[in-house]
1. Please work out the average accessible area per residue across the chain, using the 1.4 Å probe convention, and give it in Å².
2. Given R₀ = 41 Å, what would the calculated FRET efficiency be for residue 8 paired with residue 172, taking r from the Cβ atoms and rounding to 0.05?
3. Just to be sure I understand, if you calculate percent of Cα pairs over 30 Å apart for this structure, which of (i) 21; (ii) 30; (iii) 12 do you get?
4. For the range 96-173, evaluate the Debye formula with one uniform point scatterer on each Cα (no solvent term) and list log10 I(q)/I(0) at q = 0.18 Å⁻¹, rounded to two decimals.
5. Set the bar at 22 Å for Cα to Cα. Now go through 24/165; 12/99; 12/141; 24/84 and name every pair that lies beyond it.
6. Pop out the carbon and sulfur fraction of the accessible area of the chain as a percent, whole number, probe 1.4 Å.
7. Placing unit charges on C-beta atoms (Lys and Arg positive, Asp and Glu negative, everything else neutral), compute the dipole magnitude of the chain about its Cα centre in debye, rounded to 20.
8. Per residue of the chain, what 222 nm ellipticity follows from adding -39500 (n - 2.57) for every DSSP H run with n ≥ 4, rounded to the nearest 500?
Amino acid sequence: GEEKTSKEDSIKIIENDIPRTFSKDNFFSKNGAFTENLSRFLKRFYVLTDIGYVQGMSYIGGICLLNTCTVFAGFVLFHNVITKSALYPFYSFDDTYMKQRITIYKQIFGYNLQDLCFHFEDEGVQPNLYLYEWFMSLFSKALNVDLTCRVWDLIFLDGLHILYKTAIAILATLQ
(Lines give C-alpha, C1' and ligand atoms only; values in the text may rest on other atoms or scores of the structure.)
Protein backbone atom coordinates (compact mmCIF):
# COMPACT_ATOMS: atom_id res chain seq x y z
CA GLY A 1 0.00 0.00 0.00
CA GLU A 2 0.84 3.64 0.39
CA GLU A 3 2.93 3.12 3.57
CA LYS A 4 5.12 0.52 1.84
CA THR A 5 5.73 2.84 -1.10
CA SER A 6 6.64 5.65 1.28
CA LYS A 7 9.10 3.38 3.10
CA GLU A 8 10.61 2.18 -0.17
CA ASP A 9 10.93 5.78 -1.39
CA SER A 10 12.68 6.79 1.83
CA ILE A 11 15.10 3.88 1.56
CA LYS A 12 15.89 4.92 -2.03
CA ILE A 13 16.48 8.51 -0.91
CA ILE A 14 18.88 7.27 1.78
CA GLU A 15 20.71 5.07 -0.73
CA ASN A 16 20.96 7.98 -3.19
CA ASP A 17 22.11 10.47 -0.54
CA ILE A 18 24.95 8.40 0.90
CA PRO A 19 27.32 8.48 -2.12
CA ARG A 20 26.81 12.26 -2.39
CA THR A 21 27.81 12.72 1.25
CA PHE A 22 31.25 14.36 1.30
CA SER A 23 31.78 12.97 -2.19
CA LYS A 24 35.16 14.69 -2.58
CA ASP A 25 36.53 12.69 0.35
CA ASN A 26 35.16 9.27 -0.76
CA PHE A 27 34.29 8.26 2.81
CA PHE A 28 30.81 7.23 1.71
CA SER A 29 31.30 6.38 -1.97
CA LYS A 30 30.04 3.05 -3.29
CA ASN A 31 33.04 1.23 -1.81
CA GLY A 32 33.83 3.74 0.92
CA ALA A 33 35.04 2.63 4.33
CA PHE A 34 31.96 3.95 6.15
CA THR A 35 29.23 3.53 3.53
CA GLU A 36 27.56 0.41 4.90
CA ASN A 37 27.62 1.68 8.50
CA LEU A 38 26.03 4.98 7.49
CA SER A 39 23.40 3.19 5.44
CA ARG A 40 22.47 0.89 8.33
CA PHE A 41 22.13 3.57 10.89
CA LEU A 42 20.20 6.01 8.68
CA LYS A 43 17.74 3.22 7.87
CA ARG A 44 17.51 2.32 11.55
CA PHE A 45 16.85 5.95 12.45
CA TYR A 46 14.15 6.11 9.77
CA VAL A 47 12.39 3.09 11.27
CA LEU A 48 12.78 4.07 14.94
CA THR A 49 11.68 7.71 14.89
CA ASP A 50 8.63 9.70 13.94
CA ILE A 51 10.81 12.03 11.90
CA GLY A 52 11.89 9.35 9.47
CA TYR A 53 14.53 10.43 7.00
CA VAL A 54 14.93 13.95 5.67
CA GLN A 55 17.17 14.45 2.67
CA GLY A 56 20.60 15.65 3.76
CA MET A 57 20.63 13.86 7.12
CA SER A 58 23.42 11.72 5.68
CA TYR A 59 25.82 14.64 6.17
CA ILE A 60 25.10 14.84 9.88
CA GLY A 61 25.28 11.05 10.10
CA GLY A 62 28.57 11.09 8.24
CA ILE A 63 30.16 13.57 10.63
CA CYS A 64 28.87 11.55 13.59
CA LEU A 65 30.41 8.36 12.21
CA LEU A 66 33.72 10.01 11.40
CA ASN A 67 34.06 11.42 14.91
CA THR A 68 33.10 8.47 17.10
CA CYS A 69 34.85 5.21 17.90
CA THR A 70 31.94 2.88 17.19
CA VAL A 71 28.91 2.75 14.93
CA PHE A 72 26.70 2.62 18.02
CA ALA A 73 28.28 5.80 19.44
CA GLY A 74 27.85 7.46 16.05
CA PHE A 75 24.20 6.47 15.96
CA VAL A 76 23.57 7.74 19.50
CA LEU A 77 25.24 11.06 18.67
CA PHE A 78 23.24 11.36 15.44
CA HIS A 79 19.97 10.50 17.20
CA ASN A 80 20.61 13.06 19.93
CA VAL A 81 21.68 15.82 17.53
CA ILE A 82 18.48 15.37 15.53
CA THR A 83 15.91 14.61 18.23
CA LYS A 84 17.20 16.24 21.39
CA SER A 85 18.40 19.60 20.17
CA ALA A 86 16.99 22.82 18.84
CA LEU A 87 17.33 21.26 15.37
CA TYR A 88 14.35 18.98 15.94
CA PRO A 89 11.79 21.60 14.83
CA PHE A 90 13.61 21.92 11.50
CA TYR A 91 13.32 18.18 10.88
CA SER A 92 9.72 18.06 12.05
CA PHE A 93 9.02 21.08 9.82
CA ASP A 94 7.64 23.25 12.64
CA ASP A 95 6.86 26.43 10.66
CA THR A 96 6.43 28.68 13.70
CA TYR A 97 9.83 27.73 15.12
CA MET A 98 11.56 28.00 11.76
CA LYS A 99 10.07 31.44 11.11
CA GLN A 100 11.30 32.59 14.54
CA ARG A 101 14.84 31.42 13.71
CA ILE A 102 14.70 33.22 10.34
CA THR A 103 13.50 36.42 12.05
CA ILE A 104 16.36 36.28 14.54
CA TYR A 105 18.81 35.60 11.73
CA LYS A 106 17.54 38.55 9.66
CA GLN A 107 18.15 40.88 12.62
CA ILE A 108 21.67 39.55 13.13
CA PHE A 109 22.37 39.66 9.38
CA GLY A 110 21.14 43.25 9.08
CA TYR A 111 23.18 44.36 12.07
CA ASN A 112 26.45 42.66 11.02
CA LEU A 113 26.35 42.90 7.22
CA GLN A 114 23.96 45.74 6.54
CA ASP A 115 24.99 46.41 2.92
CA LEU A 116 24.87 42.74 1.97
CA CYS A 117 21.55 42.33 3.75
CA PHE A 118 20.06 45.24 1.74
CA HIS A 119 21.54 43.79 -1.45
CA PHE A 120 19.97 40.39 -0.75
CA GLU A 121 16.62 42.07 -0.09
CA ASP A 122 16.87 44.09 -3.32
CA GLU A 123 17.64 40.91 -5.27
CA GLY A 124 14.88 38.92 -3.55
CA VAL A 125 17.29 36.48 -1.91
CA GLN A 126 15.44 35.19 1.13
CA PRO A 127 17.40 33.58 4.00
CA ASN A 128 15.32 30.42 3.84
CA LEU A 129 16.93 29.72 0.42
CA TYR A 130 20.22 28.90 2.14
CA LEU A 131 19.69 29.01 5.90
CA TYR A 132 17.47 25.92 6.22
CA GLU A 133 20.09 23.74 4.56
CA TRP A 134 22.90 25.29 6.58
CA PHE A 135 21.11 24.87 9.90
CA MET A 136 19.59 21.44 9.19
CA SER A 137 22.98 20.05 8.22
CA LEU A 138 24.88 22.03 10.86
CA PHE A 139 26.84 23.41 7.88
CA SER A 140 28.11 19.97 6.91
CA LYS A 141 26.77 20.33 3.35
CA ALA A 142 28.30 23.78 2.91
CA LEU A 143 31.74 23.24 4.44
CA ASN A 144 34.45 20.61 4.14
CA VAL A 145 34.75 17.91 6.80
CA ASP A 146 37.54 19.60 8.79
CA LEU A 147 35.82 22.97 8.95
CA THR A 148 32.47 21.34 9.72
CA CYS A 149 34.04 19.53 12.68
CA ARG A 150 35.41 22.82 14.00
CA VAL A 151 31.98 24.44 13.72
CA TRP A 152 30.41 21.47 15.51
CA ASP A 153 32.97 21.73 18.31
CA LEU A 154 31.93 25.35 18.80
CA ILE A 155 28.22 24.49 18.68
CA PHE A 156 28.62 21.75 21.30
CA LEU A 157 30.88 23.96 23.42
CA ASP A 158 29.09 27.31 23.18
CA GLY A 159 25.56 26.55 21.98
CA LEU A 160 23.36 27.02 18.98
CA HIS A 161 24.03 30.75 18.66
CA ILE A 162 27.12 29.55 16.78
CA LEU A 163 24.75 28.69 13.91
CA TYR A 164 24.10 32.39 13.43
CA LYS A 165 27.74 33.37 13.83
CA THR A 166 28.82 30.77 11.28
CA ALA A 167 26.19 31.89 8.77
CA ILE A 168 27.35 35.50 9.11
CA ALA A 169 31.02 34.43 8.81
CA ILE A 170 30.31 32.53 5.60
CA LEU A 171 28.49 35.48 4.06
CA ALA A 172 31.18 37.93 5.21
CA THR A 173 33.81 35.73 3.56
CA LEU A 174 31.83 35.51 0.32
CA GLN A 175 30.97 39.22 0.28
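The values are calculated or read from the model by the stated rules, or taken from the named source; none is laboratory data. For clarity, every value in this text was computed on a predicted model and none was experimentally measured. As a convention, Cβ positions derive from the backbone with ideal geometry for all residues, glycine included, and neighbour counts pool all protein chains shown. To get the accessible areas, we keep the full protein, side chains included, count just its heavy atoms, and leave off ligands, DNA and RNA. Shrake-Rupley method; radii C 1.70, N 1.55, O 1.52, S 1.80 Å.
1. For the chain, the solvent-accessible area averages 58 Å² per residue.
2. Approximately 0.40, to the nearest 0.05.
3. Matching the structure shown: (i).
4. With one equal scatterer per Cα and no solvent, log10 I(q)/I(0) is -0.73.
5. Over 22 Å apart, Cα to Cα: 24/165; 12/99; 24/84.
6. That fraction is 52 percent.
7. For this selection, approximately 460 debye.
8. Result for the chain, helices only: -22500 deg cm²/dmol.
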